[in-house]
Amino acid sequence: MNLDLARWQFGITTVYHFLFVPITIGLGFLVAGLQTAWVRTDKEKYLRGTKFFGRLFLINFAMGVVTGIVQEFQFGMNWSDYSRFVGDIFGAPLAIEGLLAFFLESVFLGLWIFGWDRLPKKLHLATIWMASLGTALSAYFILAANAFMQHPVGYIYNAETGRAELVDFFAVLTQNTAVSAFVHTMSFAFFTAGAFMAGISAWLLVKGKSVDVVKSTMRLGVITTIVAFIAIVVSGDYVAKIMVQQQPMKMAAAEALYETTDAAPFSLFTIGTLDGSRPVFQIDVPNVTSFMATGSFNGEVKGINNLQAEYVAKYGEGNYKPNIPIAYWTFRLMIGLGTLALLFAVYALYATRGNRRPTSMWFARGALALPVIPLLANSAGWIFTELGRQPWAVFGLMKTADGVSPNVTVPMLLTTLIGFTFLYGILAVVEVSLLAKAVKLGPPASSPITNPKNVGGSDTKELTFTY
Amino acid sequence: MDLQIIWFVLIAVLWIGFFVLEGFDFGVGMLLNVVGKTEAEKRAVLTTLGPVWDGNEVWLLVAGGATFAAFPEWYATLFSGFYLPLFLILVALILRGVAFEYRSKLGGKVWRKNWDRLITVSSFLPGLLFGVAFANIAKGVPLEVDANGASQYVGGFFNLLNPYALIGGVFITLVFLTHGAIFLSLKTSGTIHDRASALVFKLGAYAAVFALIFLAWTQFAYSNNPGITLITILLVVVFWVSGLFFHRAGREGYAFISSSAAILFTVTSLFAGLYPNVMPSSLDPSSSLNITNASSSEYTLKVMTIVAVIMTPIVLIYQGWTYWVFRKRISAKQIVNAESGVLDGASK
């Protein structure tokens, strides 16, 4: 019971937090790009684009920040035995993330938001780049920490202290699991932000609002989406190959492949059970899973049952299978939804070529769905990554069940689980309604820019941005 | 051993950063509805915090992260032990951050009034609860060593609400209120400035009374190093009193530096009183956590020290620069269209 509640809480708070993270990371850079275009060309459409997407970025960022605080605290609150066992390794990237990244992003974003009245033009531009750099650094360190859970390196088990201890921090930061996860996640962040920008711009285009502005931002969004998709595929291929070497059970679960097979197919769709008995209906693409896993169409892919036997021999009695249907379907949702978003973005580019302006309801609805789809793909991808690793918290080293706080009781867990869920639910409604209002309003009208010549601005002039 | 001392000091420094910086922004949040009467005034009050509150809050996150990295046992025992107070702090911090960003986006009276209430409450809670939490750490809480050799908190929630801890909570709250009022008087002009200034001495006097009770209690009942804590407590008194008198004399900058120094020495006296413990047990000294039995390995501490030695000064420089960039006073007159929000146009 404790374990289930703690896991639900971690899942809810983390998936929810990660709805805001990729938009923050990707959109920060895109807004920085728009503002750079304005500073260099002095074209008003870029300034209006900066202000418009800057506004959406900030509504989203606020949620990302506040839900991120929970992340830093909940390891100690709900997973104290986990924290004790791996804190010597896991704590370092978290602390460094705070010192290197959180300060950078928070301080410079404050400078950017309120700097329109306080900083000269170019210095002000530099602040959004610094804040964006902070978000990317943050992603790196937290993914290095996560990579340690997927594939622990650079540690030894100290029998005297009864815990895992760090011996090579460089290995933790630079192992291929961390690097590839970083590239894959950053690509997905740009993909998400590109789709966000493209979808909202396309919707405004249909409505005929600020056409010159949103036409540019739609192009920027779509091109980002396409380039990022290529990066996702390339990095994803690498991530999958590493996963097969380091966590073969996860790959077998992704395909619901029970017996070790050469030339394993990839099933697009299954009706019926995924328990290894014959499914009712299944569309298979031959050899694709083998190719994804090994780079060869006839490569051997290990099956769930074989791996289970192997792990029992290695780690002792126990169930080493993750939840197969969840792994199977989230893997497909990640890929399927990502592809769907790409197709719509490409279609939007085609439909708006030259001076064409689509007017159909269908197109407008698709445009509004576009920002949401990658978020679902992101969530599916992470649910797959984390649930596919179960029963391990740290693969091969510590089971999730052993990490939970022993002195936190069920009523306490229920209080925080219900509390966070309720709070997050209300905030989601508030946030989406503000985003909707901002989108409906469209890019703000042009206003003379007040960037002062000197650092500091004035204590009498009216301010352009205030709380 | 040396590295463990360095990290004990560094974690104290991080908490000092949090108490000094977010301390005033909690205070400003608590005073929002007292100092700001009109919409323009309220927005001017919030705008003094706008560029800095988030950077201030990072000190808390890094204090948490650094405790995790340098003293995992302390992090695990403290965070799982003080579970419900931490949950309330998290809820408050979540609501507070969102309230800052969202309240002025729309102009509706009910909308803004609700956010204003939330800002007040969510600025009170963390100061109060951190005061209670730190007092409990100083006093010692029931810790028991479990079968795996880990010190676990066995006290429950209401055990944390003892008289000493509650006085600590009120003390910290009053300090933050005063510190916030001094900050507002330094950063604003016009009506808000006058209202905030008028509050400083009174709030400061109440804070002084609680400071004397709490710090004397700490000194005589719980200090492990009474020599050092006596000095730091005297410094708290000196800086607090001089801060109030600087403010009386209209020297708001010096007043703010003095109240910051008083907070610095308050946190210092709590940590100095603890050393070498980080979390003493009220049941049995052998289940106390100290800088040795709670710490990370030598290697981890070494890595972390290198990073901290390089990064902390850089952070201080650019965060300090922010305060310089936003050095101008803000007045309600600078807020245009205070009653409406930037997103209002959409609903019309």
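The values are calculated or read from the model by the stated rules, or taken from the named source; none is laboratory data. Quick caveat, the model's predicted, so the values are computed rather than measured. Ideal geometry is used to build each Cβ from the backbone, glycine not excepted, and the neighbour counts take in all protein chains shown.
Structure values in brief
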quantity: Residue within the range A:168-177 that is surrounded by 24 or more Cβ atoms within 10 Å (Cβ to Cβ), away from chain B (no Cβ under 14 Å) and either at pLDDT 95 or above or touching a helix residue (DSSP H, G or I) at 6+ places or on another chain (Cβ under 7 Å) (or both) present; calculated: yes
quantity: Failed condition for A:Pro152, given (1) within 23 Å of the chain's Cα centre (by Cα); (2) touching a residue at least 60 places away in the same chain (Cβ under 8 Å); (3) part of a helix (DSSP H, G or I); calculated: (3)
quantity: Pair list, Cβ under 8 Å, 6 or more apart: the range A:372-386 residue touching a residue at least 60 places away in the same chain (Cβ under 8 Å) and over 12 Å from A:Leu333 (Cβ atoms), other residue buried (at least 21 other Cβ atoms within 10 Å of the Cβ) and of a type in the set (A, V, I, L, M, F, W, C); calculated: none
quantity: Residue selected from the range A:113-122 under the condition part of a helix (DSSP H, G or I) and over 28 Å from the mean Cα position of the chain (by Cα), by the criterion surrounded by the fewest Cβ atoms within 10 Å (Cβ to Cβ); calculated: A:Lys122
quantity: Those residues of the range A:432-448 which are within 18 Å of A:Thr50 (Cβ to Cβ) and either within 11 Å of another protein chain (Cβ to nearest Cβ) or loosely packed, with under 14 Cβ neighbours inside 10 Å (or both), in sequence order; calculated: A:Leu435, A:Ala438, A:Val439, A:Leu441, A:Gly442, A:Pro444, A:Ala445, A:Ser446, A:Ser447, A:Pro448
quantity: Any hit, the range B:13-26, residues being aromatic (Phe, Trp, Tyr), within 11 Å of chain A (Cβ to nearest Cβ) and over 15 Å from B:Arg195 (Cα atoms); calculated: no
quantity: Filtered residues of the range B:69-83 (kept if within 19 Å of the chain's Cα centre (by Cα) and part of a helix (DSSP H, G or I)); calculated: B:Tyr75, B:Leu78, B:Phe79, B:Tyr83
quantity: Lone unmet requirement of (1) within 30 Å of A:Val39 (Cα to Cα); (2) away from every other protein chain (no Cβ under 14 Å); (3) surrounded by fewer than 16 Cβ atoms within 10 Å (Cβ to Cβ) for A:Thr359; calculated: (1)
quantity: Residue satisfying condition, being assigned to a loop (DSSP other than H, G, I, E, B), among the hydrophobic types (A, V, I, L, M, F, W, C) and out of contact with any Phe, Trp or Tyr (no Cβ under 9 Å at 6 or more places or on another chain), within set A:Leu257, A:Leu274; calculated: A:Leu257
quantity: Residue match in the range B:81-92 (condition: small (Gly, Ala, Ser) and either more than 10 Å from every other protein chain (Cβ to nearest Cβ) or farther than 30 Å from B:Asn293 by Cβ (or both)); calculated: yes
quantity: Scope the range A:41-75; condition within 30 Å of B:Val145 (Cα to Cα) and either β-branched (Val, Ile, Thr) or free of Cβ contacts under 8 Å to residues at least 40 places away in the same chain (or both); matching residues; calculated: A:Ile69, A:Val70, A:Glu72, A:Phe73, A:Phe75
quantity: Selection count where residues are farther than 24 Å from B:Leu184 by Cα and in a helix (DSSP H, G or I), scope the range B:316-348; calculated: 4
quantity: Residue list for the range B:297-328, restricted to those being more than 9 Å from chain A (Cβ to nearest Cβ) and buried (at least 21 other Cβ atoms within 10 Å of the Cβ); calculated: B:Leu301
quantity: Search result, residues across the range B:265-291 that are surrounded by 21 or more Cβ atoms within 10 Å (Cβ to Cβ), part of a helix (DSSP H, G or I) and touching a residue at least 40 places away in the same chain (Cβ under 8 Å); calculated: B:Thr266, B:Val267, B:Thr268, B:Ser269, B:Leu270, B:Phe271, B:Ala272, B:Gly273, B:Leu274, B:Ser287
quantity: Some residue of the range A:123-141 being of a type in the set (Val, Ile, Thr), more than 7 Å from chain B (Cβ to nearest Cβ), part of a helix (DSSP H, G or I) and in contact with a Pro (Cβ under 9 Å, 6 or more places away or on another chain); calculated: no
quantity: Qualifying residue in the range A:255-265 (condition: among the aromatic types (Phe, Trp, Tyr), surrounded by 21 or more Cβ atoms within 10 Å (Cβ to Cβ) and over 30 Å from B:Met304 (Cα atoms)); calculated: no
quantity: Cross-chain or 6+ apart pairs with Cβ under 9 Å, the range B:329-344 first and more than 8 Å from every other protein chain (Cβ to nearest Cβ) and on the phi < 0 side of the Ramachandran plot, then β-branched (Val, Ile, Thr) and crowded, with 17+ Cβ neighbours inside 10 Å; calculated: B:Ala332/B:Val45; B:Ala332/B:Thr188; B:Ala332/B:Thr191; B:Ala332/B:Ile192; B:Ala338/A:Thr466
quantity: Residue selected from the range A:69-94 under the condition of a type in the set (A, V, I, L, M) and more than 7 Å from chain B (Cβ to nearest Cβ), by the criterion surrounded by the most Cβ atoms within 10 Å (Cβ to Cβ); calculated: A:Ile89
quantity: Filter result for the condition that a residue is within 11 Å of chain B (Cβ to nearest Cβ), buried (at least 21 other Cβ atoms within 10 Å of the Cβ) and part of a helix (DSSP H, G or I), over A:Val21, A:Val66; calculated: A:Val66
quantity: Scan of the range B:35-56 for residues that are at the interface with another protein chain (Cβ under 7 Å from one of its Cβ atoms) and closer than 24 Å to B:Ala308 by Cα, ordered by number; calculated: B:Val52, B:Asp54, B:Gly55
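Conditions (1) hydroxyl-bearing (Ser, Thr, Tyr); (2) under 18 Å from the mean Cα position of the chain (by Cα); (3) at negative phi, marked per residue:
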position	(1), (2), (3)
B:Ala249	no, no, yes
B:Ile257	no, yes, yes
B:Ser260	yes, yes, yes
B:Phe271	no, yes, yes
B:Met279	no, no, yes
B:Pro285	no, no, yes
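One line per residue, one yes/no per condition, for (1) among the polar types (S, T, N, Q); (2) more than 21 Å from the chain's Cα centre (by Cα):
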{"position": "A:His124", "(1), (2)": "no, yes"}
{"position": "A:Trp129", "(1), (2)": "no, no"}
{"position": "A:Ala136", "(1), (2)": "no, no"}
{"position": "A:Ala145", "(1), (2)": "no, no"}
{"position": "A:Asn158", "(1), (2)": "yes, yes"}
{"position": "A:Thr161", "(1), (2)": "yes, yes"}
{"position": "A:Ala164", "(1), (2)": "no, yes"}
{"position": "A:Val167", "(1), (2)": "no, yes"}
